[in-house]
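One structure coming up, written as structure tokens, with questions to follow.
The values are calculated or read from the model by the stated rules, or taken from the named source; none is laboratory data. All values derive from a computational prediction rather than experimental measurement. Quick reminder, even Gly has a Cβ in these numbers, built from the backbone with ideal geometry, and neighbours come from all protein chains shown.
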Amino acid sequence: MSGAARGWPATASALAALERGVPSPLLQALRASGTGPESFTRFSVLDHHGRTCLRLPVSPEEQMLMIGRRPLRAVLARELGEQVRWGVRFTGYSEHAERVVVHLDGARDEEVDVLVGADGTRSRITRQLKGQEASRPSGIVGIAGKTPLTDVTSPSVPEALFHGPGFAIGPRGVGMFLSTHQPRPAEAQVRAELEPAYVVWSVAARLDQFSGPPEGLASRALIAEAHRLLERWSPRFHPLLEASEPESPAAFPFVFPATLGPWSSERVTLLCDAITPCPPRRERGRAPPSSTRCIWRRSWRARLAPRPWPATRPGCSATRPPWWTRPGRPWRGSAASPIPSCVSSPPPWPCPW
């Protein structure tokens, strides 16, 4: 749904799932803590001067919710108490006929009815369940950060990005993703988790275009590397990098999905990036570490319906097409071609630079 610095939206299907499983007061708090379709009316493709080259409209009838990871977690965890545990590192599991035993580092084992692996592109659950990684390297690396949206930084943001996220393409195939988040004031009777307005940015390039391995660099070194990658870009983008929150910059690899076939487990399944890696949208620009996972306790038994997981059915594929090609996206034909290739080759439309 999104990272701490916002990401791709929860669309109609995700909202429908929340409406079925989340109490009404929490659903109201979620909506009040994020923004709706009005914040994502189009996706823009820009050049390295910030000029719009392509507008991809989003249907105004499409329901969505743009919300940060922190408010999302804070709202959903209300009143759950010990049913959610943080700071626990998963090391493995043992599956039995009527239960799954979850093994934790430095803590006692936990018995659960169902284990859902949603632990990112380096999923340990995928590795044990399928005997392989959930992803493979693409050769593209990104540096991401989060910048407060203020009177000082707002002029650096191209106007198109106040209508939805955008992707800029520049010399040598360097790409930049930008997305603004401006939560609206919540009604007094709703307990919203509001964040100050901010803009998320990421700069992506081939690994051989970096001056050295970016992973493991300190924040200031990452900012300097991002400045260097954008040296032939418009000066307007550089203040956004410089004004980033000090601890927000992080390096992350772009990955391709691994070829995962069906699995036959009755009590272990996979979701999200543990099956099909998606565009980076995680906290601080990367997938959160396994220590941030939560374990479903046995007290959830009454809330689990006794039905087989779709991925356990014979012949069920564990992969799905990229989000930009799925039905319901009116611009899927336009976006399917340029977006995956834009970090390594010039775009197929006229865009002077």
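Touching an Asp or Glu at 6+ places or on another chain (Cβ under 7 Å), of a type outside the set (Phe, Trp, Tyr), part of a strand (DSSP E or B) and farther than 28 Å from residue 117 by Cβ: which single residue out of 205, 168 fits that description?
Exactly one of 205, 168 is touching an Asp or Glu at 6+ places or on another chain (Cβ under 7 Å), of a type outside the set (Phe, Trp, Tyr), part of a strand (DSSP E or B) and farther than 28 Å from residue 117 by Cβ, namely 168.
Which of the residues belonging to region 241-258 are surrounded by fewer than 20 Cβ atoms within 10 Å (Cβ to Cβ) and in a helix (DSSP H, G or I)?
Within region 241-258, 242 is the sole residue that qualifies.
While we're looking at this one, here's another question. Just name the residue that is farthest from residue 178 (Cα to Cα) out of those in region 50-108 that are surrounded by 14 or more Cβ atoms within 10 Å (Cβ to Cβ) and of a type in the set (Phe, Trp, Tyr).
Only one residue fits best here, namely 93.
Moving to a separate point now. Counting only residues that are under 30 Å from residue 204 (Cα atoms) and either buried (at least 16 other Cβ atoms within 10 Å of the Cβ) or touching a helix residue (DSSP H, G or I) at 6+ places or on another chain (Cβ under 6 Å) (or both), how many does region 21-48 have?
Adding up the residues that qualify gives 13.
Taking only region 260-270 into account, find how many residues are surrounded by fewer than 21 Cβ atoms within 10 Å (Cβ to Cβ) and under 21 Å from the mean Cα position of the chain (by Cα).
Within region 260-270, residues that are surrounded by fewer than 21 Cβ atoms within 10 Å (Cβ to Cβ) and under 21 Å from the mean Cα position of the chain (by Cα) number 0.
Among the residues of region 44-59, is any modelled with pLDDT under 90 and part of a loop (DSSP other than H, G, I, E, B)?
Within region 44-59 (the criterion being modelled with pLDDT under 90 and part of a loop (DSSP other than H, G, I, E, B)), the answer is yes, since at least one residue qualifies.
Then there is this: Do you know which of the residues in region 259-278 that are assigned to a loop (DSSP other than H, G, I, E, B) and among the aliphatic types (A, V, I, L, M) is nearest to residue 176 (Cα to Cα)?
The initial filter retains those residues of region 259-278 that are assigned to a loop (DSSP other than H, G, I, E, B), namely 259-267, 271, 275-278.
Now drop any that are not among the aliphatic types (A, V, I, L, M), which leaves 260, 271, 275.
Values: 260: 30, 271: 28, 275: 26 Å.
Checking each candidate, the answer is 275.
On the given criteria, is residue 189 more than 30 Å from residue 93 (Cα to Cα), polar (S, T, N, Q) and assigned to a loop (DSSP other than H, G, I, E, B)?
So residue 189 passes the test.
Go through region 79-101 and give me each residue that's closer than 17 Å to residue 123 by Cβ and part of a strand (DSSP E or B). Walk me through how you get there before you give the answer.
Taking region 79-101 first, the residues closer than 17 Å to residue 123 by Cβ are 88-93, 95, 100.
Answer for region 79-101, where residues must be closer than 17 Å to residue 123 by Cβ and part of a strand (DSSP E or B): 89, 90, 91, 92, 93, 95, 100.
So which residues in region 217-232 are farther than 14 Å from residue 144 by Cβ and either in contact with a strand residue (DSSP E or B) (Cβ under 8 Å, 6 or more places away or on another chain) or basic (Lys, Arg) (or both)? Give the steps one after another, and end with the answer.
Going residue by residue through region 217-232, those that are farther than 14 Å from residue 144 by Cβ are 218, 220-221, 224, 227-228, 231-232.
Of everything in region 217-232, those that are farther than 14 Å from residue 144 by Cβ and either in contact with a strand residue (DSSP E or B) (Cβ under 8 Å, 6 or more places away or on another chain) or basic (Lys, Arg) (or both) turn out to be 220, 228, 232.
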